[in-house]
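S.K.: Structure in structure tokens, see below.
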Amino acid sequence: MLEYLAIIITAIFVNNIVFSQFLGICPFLGVSSKLTNAVGMGIAVMVVTVISTLVTSLLQNLVLVPLEMEYMQTILFILVIAALVQMLEIIMKKVSPGLYVALGVFLPLITTNCAVLGVAIMVTQKGMSLGESVVYAFATAVGFMMALAIFAGIREQLELADVPRPMRGVPVALITAGILAMAFMGFAGIG
């Protein structure tokens, strides 16, 4: 039980997928202008990450390793993630059309979100069990969503602030992301 708690704390804070491993930066910068969009994207990434990690772990251990086809890992994992994103897109279009429209082009970009693929590959490289893999995927996705939400909240506040004209938009967003990354480095002593 303690090892699962350690996996959760480490994945969310110490090795945050955005701030420490610098994966998933495209949606981090692209969707984080509004908090509602950031949370919606975070939930979508969470669902895809957990399910794809579960499926890819099973495929790795039950198909690729026994058949000695580990070299097919990346291609197979990308196909699984792409299929899951397509299913999520269809479901979201029916269930939550507003969120579907708000996410726009970023929903299909989950297919190429390196954070999702990175988690699937990391759990196989670390030799995690199926349970550890799912917990790690969930915690990493929570860390991703937390990073998006924090950044979106700050960006919404920056819209109200008197930022010098040359620093508005992307420049101040990148500076803010850098400061957040440095702040998360403070958690490094926990792990």
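S.K.: Restricting the search to the stretch 116-137, which residues are open to solvent by less than 40 Å² (accessible area, probe 1.4 Å) and outside any helix (DSSP H, G or I)?
M.R.: M128
S.K.: Would you be able to say whether some residue in the stretch 105-115 is modelled with pLDDT of 90 or more and part of a helix (DSSP H, G or I)?
M.R.: Yes, because at least one residue in the stretch 105-115 is modelled with pLDDT of 90 or more and part of a helix (DSSP H, G or I).
S.K.: For the stretch 153-182, how many residues are of a type in the set (G, A, S), touching a residue at least 12 places away in the same chain (Cβ under 8 Å) and under 21 Å from Q21 (Cβ atoms)?
M.R.: Within the stretch 153-182, residues that are of a type in the set (G, A, S), touching a residue at least 12 places away in the same chain (Cβ under 8 Å) and under 21 Å from Q21 (Cβ atoms) number 3.
S.K.: Among the residues of the stretch 159-174, what is the count of those that are within 18 Å of L29 (Cα to Cα) and charged (D, E, K, R)?
M.R.: Qualifying residue count for the region: 2.
S.K.: Moving to a separate point now. List the helices (runs of 4 or more DSSP H) that sit entirely inside the stretch 1-78 and contain at least 2 residues that are open to solvent by less than 20 Å² (accessible area, probe 1.4 Å) and closer than 19 Å to F184 by Cβ.
M.R.: Ranges flagged: 25-30, 35-59.
S.K.: Sticking with this one: Taking V80, is it over 15 Å from M122 (Cα atoms) and either among the charged types (D, E, K, R) or under 15 Å from the mean Cα position of the chain (by Cα) (or both)?
M.R.: Considered against the rule, which asks whether it is over 15 Å from M122 (Cα atoms) and either among the charged types (D, E, K, R) or under 15 Å from the mean Cα position of the chain (by Cα) (or both), V80 comes out as no.
S.K.: Filter the stretch 163-187 for residues that are outside any helix (DSSP H, G or I) and exposed (fewer than 11 other Cβ atoms within 10 Å of the Cβ) and give the result.
M.R.: Correct list: P164 only.
S.K.: Restricting to the stretch 79-101, give me the number of residues that are open to solvent by less than 60 Å² (accessible area, probe 1.4 Å) and either of a type in the set (V, I, T) or in contact with a Lys or Arg (Cβ under 8 Å, 6 or more places away or on another chain) (or both).
M.R.: Number of matching residues: 4.
S.K.: Right, something else. Taking the stated definitions as given, is S133 more than 19 Å from K34 (Cα to Cα), among the hydroxyl-bearing types (S, T, Y) and in contact (Cβ under 8 Å) with a residue 60 or more places away in the chain?
M.R.: Spelling it out, S133 is indeed more than 19 Å from K34 (Cα to Cα), among the hydroxyl-bearing types (S, T, Y) and in contact (Cβ under 8 Å) with a residue 60 or more places away in the chain.
The values are calculated or read from the model by the stated rules, or taken from the named source; none is laboratory data. Just so it is clear, the model here is predicted, and its values are computed rather than measured. Cβ coordinates were reconstructed from backbone atoms using ideal geometry, including for glycine residues, and neighbour counts include every protein chain displayed. SASA here: full protein model, heavy atoms, side chains in, ligands and nucleic acids out. Shrake-Rupley method; radii C 1.70, N 1.55, O 1.52, S 1.80 Å.
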